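Scroll down for the structure; my scribbles are underneath it.
What follows draws every value from the coordinates through simple rules; no lab data is involved. Please read these numbers as outputs of a predicted model, since none were measured by experiment. Note that each Cβ is placed from the backbone with ideal geometry, even for glycine, and that neighbours are counted across all protein chains shown.
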Amino acid sequence: MKVALIGFGTVGQGFVEILQEKHASLAEKYGLTVEIVAVATHSRGSLMQPDGLDIDALLDAIGKGHLRHYPHREGLVRDVVTETLIDQCGADVLLEASWTNLQTGQPATDYCLRGFQNGQHVVLANKGPVALHYQQLAQAAKAAGKALRYEGTVMAGTPSLALAKEALAGCTISAAKGILNGSTNYMLTEMERGIDYETVMDDAKAKGYLEADPTADVGGWDAASKAVILARSLFGANITIDDLDVSGIDVISSGDIAAAKAAGERYKLIAEVTPAGGSVKAVRLPLADPLAGVAGTTNAITFETDLLGPVTLVGAGAGRRETGFALLADLLAIQRQKVT
Ligand code: HSE
C-alpha cells in the first residue's frame, strides 16, 4: 500500500515510528506492506519518492528539524507544492494528519478532495475537514469509489467509530455520551487536587495535550468537533458545530470544583449526541457514574443501543502513538475491504 502523508507532526511521526517498529509483523500477520511515497509539511519541506522513502532516514531528517536533512537518492523530488505532490506521488492512500483548523478546515479539505480526484483512499486524523465538510468529502469518496476513514478524529486510536459502525452494526444507537477531550479532563482532574487553573493550563501545554490554539480545548470546541463527527457518523445528521449547545471548562472555577467534591460529585466535560442534536458542557456527575471515574487524559464513550443497552469504551484520546495507531487501523480496514 503506497501512502502519502500530509502533515508530519506528532501524529504523522507516531505513525511512521509504528511502521518502523512493526513492519515485519504487519506483513506477516496482515499481508500489509506500507510504502511512504510522499511526505508534505507546512514549513519543514516535502519529499516525494515514487518507489518509497526510507523510514529510518525520514525519521532521522525530521528529528533534525527539516526534511532537507533526508539524503539524496535517485528519483527523489524535494519541495514540490502539496497539490502537485498529491497529483504525482502515485499513492493509493492519502493520510491527512496536518494541524486542525476548526474555522475553515482548510487547506486539508482541498487536499482530501484532490486525493479522491486522483483515485486515492483518504484517511484523516485531522478533525477540521470531517467536522466542517463531511458531506462534500463523503460525496467525493462515493464518486471516486474510494474509502473515507477518520478513526483518529475521535478518541485517537481507541476504536470509537469502528465500534459503533462496525462491531455494533445491526444495533440501533439512540445516543452517544462521552469524555472526548483529554486535555480538559486532565485539567479537571488536577484542579480537583487543588491546583489552580493557570498552573494546570501551563502544565497541560508543557505536556503537549492542548491544541495549538488551547481555546479549542478549554472552550469545548474540540469536543464539539468530535461530537459533530460522531453525529454525522452514527446518525447521518447534517449538523455543524453551530447547531450544538457548547460551553467549556473555562466557565468552571476552583470553587465550583471544590463544591462538587464536597457534595460527592465531580465535574466532567461531557459531549452528548442524539439524532436530534447535541451539546458539550461541564456537568456535575455523581461519583457512581462510570464517566466520573475516567481520570487524566483518558477518554470514554457510552453508546446507548437497543440490543445491548449501554456499551462503554474507555481508552486513550490523544498522543503520538495513540493517534498514529488510528492511521494504521484505518489502513488495515482498507486492506480488509480490498481482500474480502
Ligand atoms: N487536544 C485534544 C484533546 C487532542 O485534548 O483531547 C486530541 O484530539
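Hey, in the GNM for the chain with a 10 angstrom Cα cutoff, which one of 287, 328, 113 fluctuates hardest? Highest fluctuation of the listed residues: 287. Going by a ≥ b ≥ c, the root eigenvalues of the Cα gyration tensor, does region 224-340 fall in the rounded group (a/c under 1.5), the prolate group (a/b larger than b/c) or the oblate group? In terms of gyration-tensor shape, prolate.
Percent of alpha carbon pairs in region 77-116 separated by more than 17 Å? Taking all Cα-Cα pairs of region 77-116, the fraction more than 17 Å apart is 31 percent.
Size descriptors for region 1-111, from the alpha-carbon set: Rg then Dmax equal 13.5, 42 Å. What the phi angles of region 91-102 give under the Karplus curve with 6.51, -1.76 and 1.60, with θ = phi - 60°, is a coupling list of 6, 7, 9, 9, 9, 9, 10, 8, 6, 7, 10, 8 Hz, glycine and proline written as x. In a simple Cβ point-charge model (Lys, Arg +1; Asp, Glu -1; nothing else charged), the chain has a dipole of about 580 debye relative to its Cα centre. Once you treat every alpha carbon in the chain as an equal point and sum by Debye, what is log10 I(q)/I(0) at q = 0.09, 0.10, 0.16 Å⁻¹? So the normalised log intensities are -0.48, -0.59, -1.36. Considering only 258, 164, 176, the mean-square fluctuation computed in a Gaussian network model of the chain, springs between alpha carbons under 10 angstrom, is largest for 258. Mean residue ellipticity at 222 nm, helices only, the chain: -12500 deg cm²/dmol; runs of at least 4 DSSP H residues each add -39,500 (n - 2.57), and the sum is divided by the number of residues. Over region 208-276, the reciprocal of the mean inverse Cα-Cα separation, the Kirkwood hydrodynamic radius, stands at 13.4 Å. So which lysines pass the test for residue 165, namely a Cα distance under 19 Å, with those fewer than 8 places away in the same chain ruled out? Answer for residue 165, where 19 Å is the Cα cut-off: 127, 142, 146, 177, 226, 338, listed by chain and number. For region 61-165, the C-alpha radius of gyration divided by 2.2 N^0.38 Å, with N the number of residues, is 1.17. Diffusion of region 1-61 by Stokes-Einstein, at 20 °C in a medium of 1.002 mPa s and with Rh set to the Kirkwood radius over alpha-carbon pairs, works out to 181 µm²/s.
For the pair residue 167 and residue 138, the difference between a 0.36 nm per residue extended length and the Cα-Cα distance amounts to 8.3 nm. If you wrap the tightest convex hull around every Cα atom of region 121-184 and split its volume per residue, you get 113 Å³. On full extension, the segment bounded by residue 24 and residue 307 gains 97.9 nm, given 0.36 nm per residue less the C-alpha separation. For region 33-46, the Karplus equation 6.51 cos²θ - 1.76 cosθ + 1.60, evaluated at θ = phi - 60°, returns couplings of 10, 9, 10, 8, 9, 7, 9, 10, 10, 6, 9, 10, x, 9 Hz by residue, with Gly and Pro reported as x.
Compared with the dominant Cα axis of the chain, that is its longest principal axis, helix 108-117 is turned about 50°.
Three principal axis extents describe the C-alpha atoms of region 75-231; from largest down they are 55, 46, 25 Å.
Each peptide in 65-73, 129-137, 235-243, 269-277 was scored by the mean count of other Cβ atoms within 10 Å over its residues; highest first, the order is 129-137, 269-277, 235-243, 65-73.
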